[in-house]
Each structure stands twice: as C-alpha cells, then as structure tokens.
Amino acid sequence: MAFGMVSCADFLEIKPQNEIILEDFWGEKADVDNIVISCYSALQSEDVIKRMIIWGEARSDNMQSGENINNDIDLYNILKENLTANNKYTTFNNFYEVINRCNTVIKYAPGVAEIDPSYTQGDLKATIAEVSALRDLCYFYLIRTFRDVPYTEEAYTDDDQKMDVPATPFETILDNLIADLEKVKDDAVNRYPENKPRYQTGRITKDAIYAMLAEMYLWKKDYDNCIKYADMVIQSKKQYEVDLRNRNGRMSANSSNLATIEARLNGFPLVNDEIQGKDFGTAYEEIFIQGASKETIFELSFDDSPRGSDYKANSAIGSLYGNDNSRKGLLTVSSVVKGDMQEPSGTMVFETKDKTNYNDVRLFQNASVDDEAIVKYVVRGVNVDARNTPAKATYRERFASDNNGSKWIIYRIPDIMLLEAEALCQQMGEGNDSIVIAQNKPKLDKAFNLVNAINKRSICKDILTDKDTLKASEYNTKSLMEDLVRRERQRELMFEGKRWYDLVRYSLRNGNTDPVISAVTKRDDVNSQFAQNFFKKMDAIFWPYNIEEMKVNRNLVPNPVYGTGENTSYEKTK
C-alpha cells in the first residue's frame, strides 16, 4: 500500500491548502483517495510515533533512561517527572494535522461524489467512516494524554479562519468520539481484497472501529458495550481465520496439529508461538516484523528499505528503542523489568511457576537478558531455546537507525481480549460470600479463559502441564482476577504505547492516583517521596499544554500542576 504519498504531501506544503481545494483538487475519486492516504502518511510521521511511545510509556514503570539521554534533555526530564510546559513533547500539532486532513476529506468528498460517477455513495460512506475513525483515534490519544483539549470537526482550509478553540472537557469529547464511531461503523470496509493483505491491517476496517469502541466504552465505564464490541472483534477475527484456512485448503491436512494449537490458545485467533519442539519466537516476527498477522487489527506499516519504497522507515523506534549502532536507545528497560532478568525467583512482572527458569517468551521478546536493552521492534527476529535451564535467546540483527521496518501496532487481539477481561472484572461484585462467588463465577470463568489463552501462548514449553499454567482456582475473586488482568496487560503489551494510559484509566476509575504512584515509585531512578507528593492530585497524571500552544491559543487554561493558579474544574483525588 502506497502510504508514502510524497508528491501529495509536498504539494500540500508548497501551495496554500485553500487554493488547492478551490482550483486543483476535489474533482474526482483519485483526489479523495490521495488525501485519505495522506492522512495515514501524516499519522506515520516520526513526531507522531515518538509521541505515541513517549506519551504511552515513558512515565510508566516499564522504562527509564537509556544511552545518550543527555542528547534529549526533554525526554530525560519526562523520565524524572520534571515535566513543564516548555517540554517539546507537550506539543500536539502533528495530531491536529491528521485531524484537519480528515475533516477536510469529510467536508469535500461529498462534492466529488456529485460530479464523479465512479465515486459511488457506497464509496463515499466508506471514506467518511475511514477518516472519521482516524480523526477519532487522534482525539483519543490527545484526551488520554492532556485530558481536555480543543475539539473541532471543522476543516481549516483558509488562513483567515479563527483557530483558537477552547478546550472541551474529556467526558464530552469521549462521548462525541463514541457517537461518531457508532454513526459510521456500519459503513466501514469489512474486509479488503485478498490481493491487498496489507490493507486489511494497515487501513481502518470495521474491526478497527469495533476495537476503538471497545476501549472507549471501557474508559466511559460502560462495561456492557465494551464486552459487546470486544466479542464482535474476536468473533470477526475467528471467522477470518476460518475463511483463510478454507481458501488455502489447510483445514484437513493439519487437523491434528490444528487441534493442538487451538487447545493451547483456547480457540482464540492468536498467532501460535511455537516453532518446533522447544524453540519459540515465531509469533514475534510474524506480528511485529512481517506485519499483517492474523491477530493484528490495525497497524502502521513501515519499510526497512524506504528509498524507492512506498513506505517510510520507523525512525522513531531506532532513536528511542535502539538500533545496530546503539544497542540501547534513549529509552531502556526500567529497574522493575531489569529485576526480572537478573533474578527469576524475585520476578515482579514476568512471573514464573518454575523459580529456577525463565519460561515466559515475552521476557525475551521485550528485552535482552544479556544487555538489558529493549528488543521489541528493534531486532528482526527472536529465537528462544528452552532445551536447557535457564532458557536462552538469540536474536537476529538489529535494524539500522534509518531503516527500521517494524510495524507500529495500534490494536491487536490480545489487547482487546484483555480489555474485555478488565470490563468483566468491573461487572463483578465485591466480597467472598457464597452468593457473590456464585454470581461472579460466569464472569470469572470468561475473564480467566481470555487471560489464560494469552498466557499459555507465551510459555516456553511444547507440552504444558498443570505446574506450568495459571490455575483458575487461584483467581476466584474480583480483586485477584483484576490484578491478574492488569499484570497480563503489562507483560503482553510492554513497549507498545499502552502502559501509561492503563495506569491513567485505573486511577480515574479508582478516584485516586494510587495505581500511578505504586507503579512509578518502583523505579529506582525516580525519587519516591517526590513522586508520592507530585501525584497527590489527579491533574498530575495528565500532561501540560505546551507554552507555545498557549501563546497561540489564549483560550487554553494551563493544567494547574504545571501552570500557575488553581483551576477548580479539575477533579481532585478523593
């Protein structure tokens, strides 16, 4: 898929956008397609991917300073919680660029449908659904990071238009995003043609919209709808897997092996991680490097040979996580994760039933035990040999800093499964009496089935025994299951831009910042007393507006933790 659209992007930069719209563009279907592709291209920019990583991970218990961090003092200050409105990573203009391109398509595409017969009403509806979802995704990143942000559905195509929009409250924007996606979801593309496999995961589909709705409803605390849409995504992916098998004629040929795999994965459409015998690691390469895996819902594609390619390189990863010249990037694994590597018996994240061995393949797929560097997205492949104790990982070469081809995944099935498990936990009653236990059991069973499938996929053993796997009896209350789901999300989605947002969501639900404080103060590079005092107010878990943004838009009210004065409209810790 030609995500690059260099000529289109250059054209937009050289000539004022209002002149392009009035004189040169919006005459035929190809014009609409070009701008839609440019929306994806803008979403793939290095500045956007860096913010997805830094906003979603850097303040969490997953990361701390790596090599040459003094070359990026703003990132260093974020890691130290010395965050101010002058920090360059508090700018959000790149996300608004994507939003404005989407708004522009929504405004002008209907006119093209009126004059170009090849651009049908069905095409128009699918286009509107696609760019609406991209716009809503950008706003979802913004509100999870800054809480209240300027919100508009207007296309800015003229320099004379007033752009200093006041911030809209988090809850109002979230409701708008949900309503927008509910309105367009049925118009989105269900599946792209077989000869365009990258489109299936590299462009917005119904499954991508369902995934967004599942997560947004979870943030809204509407657990019924979260579960509803998560189930819709899972069932759709299951059917897609069956259709692929039938088309490829593999169902009968590998029926015995298929039954073994499905038993291990509890029937969920996950990529199986076993190579053969006791070698593991295929899932990593299929999901993060090759891309378009059966469990991926929506990803941004990149290329390790960007010159002459229709794709960009994922340069943000090379800088932040590492490359062939710098094994550690500006970011590296935190002391929390590092402790797991150094001493299996004292694990904090990657728990193991066998205290003498590492048996979770994700430990090796996330970071190198030898040099404690991040390897997810950085290396081309991982092979874990579990024949001996402890298991040992070998890695294919690291990508060069300027040609990282790893895919940046926004949503994949394990993420949605764990969001559903979280929602199920929130529907359970508190207490250990027989009535509560009986009422909770169906939800406990379903939540455990979801978590257990993801966990079993990660165990470095070809034949699983009772001592290797999770036991449902050990997670028979709401609090125990809730804790398991949270820990499984950290293990499975580490370094994928999810952890900080999870901690923010837990804090908002609790009405206090204890989840954030508990996580951040585990890192040995953070002043524990300072962090406990700093995060006393709920405002602190959100980011400040950049000072330059506030100069341009005088309607923005500074976050009181980082700005001056007190704003009583912000929620305080209960």
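The values are calculated or read from the model by the stated rules, or taken from the named source; none is laboratory data. What you are looking at is a predicted structure, and each value in this text was computed from that prediction instead of being measured. Here the Cβ positions follow ideal geometry from the backbone for every residue, glycine too, while neighbour counts run over all protein chains shown. Heavy atoms of the whole protein, side chains included, go into the accessibility calculation; ligands, DNA and RNA do not. Shrake-Rupley method; radii C 1.70, N 1.55, O 1.52, S 1.80 Å.
Computed values, structure above
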item: Close pairs (8 angstrom Cβ cut-off, 6 or more residues apart or separate chains): touching a residue at least 40 places away in the same chain (Cβ under 8 Å) and in a loop (DSSP other than H, G, I, E, B) in the stretch 506-527, of a type in the set (Gly, Ala, Ser) and open to solvent by 10 Å² or more (accessible area, probe 1.4 Å) anywhere; result: Lys522/Ser335; Arg523/Ser335; Asp524/Ser335; Asp525/Ser65; Asp525/Ser335
item: Residue match in the stretch 329-337 (condition: under 25 Å from the mean Cα position of the chain (by Cα), modelled with pLDDT of 80 or more, part of a loop (DSSP other than H, G, I, E, B) and farther than 28 Å from Lys461 by Cβ); result: yes
item: Number of positions in the stretch 357-411 that are over 20 Å from Ser315 (Cα atoms), touching a residue at least 24 places away in the same chain (Cβ under 8 Å) and basic (Lys, Arg); result: 2
item: Residue, farthest from Ile416 (Cα to Cα), within the stretch 199-223, restricted to residues that are touching a residue at least 60 places away in the same chain (Cβ under 8 Å) and over 18 Å from the mean Cα position of the chain (by Cα); result: Tyr199
item: Selection from the stretch 523-536 of residues that are within 26 Å of the chain's Cα centre (by Cα) and basic (Lys, Arg); result: Arg523
item: Residue ranges of helices (runs of 4 or more DSSP H) in the stretch 58-146 with at least 1 members in contact with a strand residue (DSSP E or B) (Cβ under 7 Å, 6 or more places away or on another chain) and open to solvent by less than 10 Å² (accessible area, probe 1.4 Å); result: 73-79, 121-146
item: Residue in the stretch 149-156 that is in a helix (DSSP H, G or I), on the phi < 0 side of the Ramachandran plot and crowded, with 19+ Cβ neighbours inside 10 Å present; result: no
item: Output for the stretch 445-471, where each listed residue is at pLDDT 95 or above and either open to solvent by 50 Å² or more (accessible area, probe 1.4 Å) or hydroxyl-bearing (Ser, Thr, Tyr) (or both); result: Asp445, Lys446, Asn449
item: Subset of the stretch 157-190 (residues that are touching a residue at least 60 places away in the same chain (Cβ under 8 Å) and touching a helix residue (DSSP H, G or I) at 6+ places or on another chain (Cβ under 6 Å)); result: Thr157, Asp158, Asp187, Ala188, Val189
item: Only one of Asp371, Asp402, Asp324 that is open to solvent by 10 Å² or more (accessible area, probe 1.4 Å), modelled with pLDDT under 90, within 29 Å of Thr201 (Cα to Cα) and acidic (Asp, Glu); result: Asp402
item: Residue that is least open to solvent (accessible area, probe 1.4 Å), among those in the stretch 418-438 that are part of a loop (DSSP other than H, G, I, E, B) and either on the phi > 0 side of the Ramachandran plot or modelled with pLDDT of 95 or more (or both); result: Met428
item: Single unsatisfied condition, Ala283 versus (1) open to solvent by 20 Å² or more (accessible area, probe 1.4 Å); (2) closer than 22 Å to Leu470 by Cα; (3) modelled with pLDDT of 85 or more; result: (1)
item: Subset tally (residues that are outside any loop (DSSP other than H, G, I, E, B) and at pLDDT 95 or above) for the stretch 192-227; result: 22
item: Tally, over the stretch 553-572, of residues that are at pLDDT below 90 and either in contact with a Gly (Cβ under 9 Å, 6 or more places away or on another chain) or surrounded by fewer than 16 Cβ atoms within 10 Å (Cβ to Cβ) (or both); result: 8
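To keep it simple, each residue is scored yes or no on (1) closer than 16 Å to Phe280 by Cβ; (2) in contact with a helix residue (DSSP H, G or I) (Cβ under 8 Å, 6 or more places away or on another chain); (3) among the charged types (D, E, K, R); (4) open to solvent by 20 Å² or more (accessible area, probe 1.4 Å).
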site: Tyr411; (1), (2), (3), (4): no, yes, no, no
site: Ile416; (1), (2), (3), (4): no, yes, no, no
site: Asn476; (1), (2), (3), (4): no, yes, no, yes
site: Arg486; (1), (2), (3), (4): no, yes, yes, yes
